[in-house]
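Peer 1: Have a look at this one before I ask anything.
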Amino acid sequence: AGLAALLSTAAHADLSGKVIGFSQIGSESGWRAAETSVTKAEAEKRGVDLKFADAQQKQENQIKAIRGFIAQGVDAILVAPVVSTGWDEVLTEAKEASIPVVLLDRGIDASQDLYLTSVASDQVKEGRVAGEWLVKTVGDKPCNVVELQGTVGSSPAINRKQGFEEGIAGHANITLTRSQTGDFTRAKGKEVMEGFLKAEGGGKSICAVYAHNDDMAVGAIQAIKDAGLKPGSDILVVSIDAVPDIFAAMAAGEANATVELTPNMAGPAFDALDAFLNGGTVPEKFIITESKLYTPADNPQGEYEARKGLGY
Ligand code: GZL
């Protein structure tokens, strides 16, 4: 459903001439790259003059960019907040400048009156869906799981961990034995998985890896193969994002499940800004995007083709 919304050609809000700043986290994953290209396309459709700033995953660069947007007197600011704390001061400055702020794809621990609205998935649900899939898949077989966490202190890392633990709760045969951050990147995901495999005598005792995003899962898949084991069968692979390369891995029998995260958070954000800037309509505080489970039973080759070229 998320993808259908992405490809819909419904009439778009008219923000022509508006100058909107976008403080993007970086380009740490395929999903992030897609979010950037979809945001630029959505801005184009609406005649928005988008000022884009890539923070290379550093909060201080995001804060600098937001201050720059305020100084420019932009009409609105989009922020994908790399971590969930440390935003009060700069968002208060935006509020005092009467510039509406919309959060994309991650949440913050700050007073809700510091932003107009936020567009994100239910990240706890994403983790729970992943955990429930593992429960259904292993039944009552003993299963030691290792976890590749997202960026430390980010809302998805906190929420997806919580959700997964909720999903496996009450199933004593499933044990989370190791958990470490891979910072949402392929390289770090591979490196941390190599460490887990070494620490577990080559990995024979590892039944599954749960990665907070597909890019870390793709890195883990490489590490599992380098260790002479078969990802997708010796070690189950479950993750989140639904990027093309996880579907390619599924088609090759090397990955087992992913939970879709739409890269189109900007469409709903721009629609809310249009209604607010042009009509004074105050949007819901939390606009929640869909989360859908995909497995190899869902035509992975077709899903790969459908997503390829969307900027991943
Ligand atoms: C989650 C988003 C995460 C993606 C990763 O909403 O912030 O950040 O799951 C990306 O791929 O790095």
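Peer 1: Every residue in the stretch 132-169 that is hydroxyl-bearing (Ser, Thr, Tyr) and more than 12 Å from the ligand (Cβ to nearest atom), please.
Peer 2: THR137
Peer 1: Restricting to the stretch 194-214, what's the tally of residues that are within 13 Å of the ligand (Cβ to nearest atom) and free of Cβ contacts under 8 Å to residues at least 12 places away in the same chain?
Peer 2: The number of residues fulfilling the criteria is 0.
Peer 1: Still on this structure: Considering only the stretch 163-183, state which residues are out of contact with any Lys or Arg (no Cβ under 8 Å at 6 or more places or on another chain) and either of a type outside the set (Val, Ile, Thr) or part of a strand (DSSP E or B) (or both).
Peer 2: Selection gives GLU165, ALA169, GLY170, HIS171, ALA172, ILE174, THR175, LEU176, THR177, ARG178, GLN180, ASP183.
Peer 1: Might you let me know whether the stretch 23-38 holds any residue that is within 19 Å of SER118 (Cα to Cα) and open to solvent by 50 Å² or more (accessible area, probe 1.4 Å)?
Peer 2: no
Peer 1: Just give me the residues in the stretch 94-117 being away from the ligand (no atom under 16 Å from the Cβ) and among the aliphatic types (A, V, I, L, M), in sequence order.
Peer 2: ALA94, ALA97, ILE99, VAL101, ALA110, LEU114, LEU116 - these are the residues of the stretch 94-117 that are away from the ligand (no atom under 16 Å from the Cβ) and among the aliphatic types (A, V, I, L, M).
Peer 1: Is the stretch 171-193 home to any residue that is open to solvent by less than 10 Å² (accessible area, probe 1.4 Å), of a type in the set (S, T, N, Q) and in contact (Cβ under 8 Å) with a residue 40 or more places away in the chain?
Peer 2: Checking the stretch 171-193: not a single residue is open to solvent by less than 10 Å² (accessible area, probe 1.4 Å), of a type in the set (S, T, N, Q) and in contact (Cβ under 8 Å) with a residue 40 or more places away in the chain.
Peer 1: Another question, then. Has the stretch 118-131 got any residue that is of a type in the set (A, V, I, L, M) and either at pLDDT below 95 or away from the ligand (no atom under 15 Å from the Cβ) (or both)?
Peer 2: No, every residue in the stretch 118-131 fails to be of a type in the set (A, V, I, L, M) and either at pLDDT below 95 or away from the ligand (no atom under 15 Å from the Cβ) (or both).
Peer 1: So which strands (runs of 3 or more DSSP E) stay within the stretch 9-91 end to end and still have 2 or more residues that are charged (D, E, K, R)?
Peer 2: Those strands (runs of 3 or more DSSP E) span 49-54.
Peer 1: Please go through the stretch 92-104 and give me each residue that is in contact with a helix residue (DSSP H, G or I) (Cβ under 7 Å, 6 or more places away or on another chain), assigned to a loop (DSSP other than H, G, I, E, B) and over 29 Å from GLU260 (Cα atoms), ordered by number.
Peer 2: Across the stretch 92-104, the qualifying residues are ALA97, ILE99.
Peer 1: Answer with yes or no whether GLY107 is at pLDDT 95 or above, in a helix (DSSP H, G or I), small (Gly, Ala, Ser) and in contact with a helix residue (DSSP H, G or I) (Cβ under 8 Å, 6 or more places away or on another chain).
Peer 2: no
The values are calculated or read from the model by the stated rules, or taken from the named source; none is laboratory data. This is a predicted model, so every value here is computed, not measured. When we count neighbours, we look across all protein chains shown, and the Cβ atoms used for this are built from the backbone with ideal geometry, even at glycine. Keep in mind that these areas ignore ligands, DNA and RNA; they rest on the heavy atoms of the full protein, side chains included. Shrake-Rupley method; radii C 1.70, N 1.55, O 1.52, S 1.80 Å.
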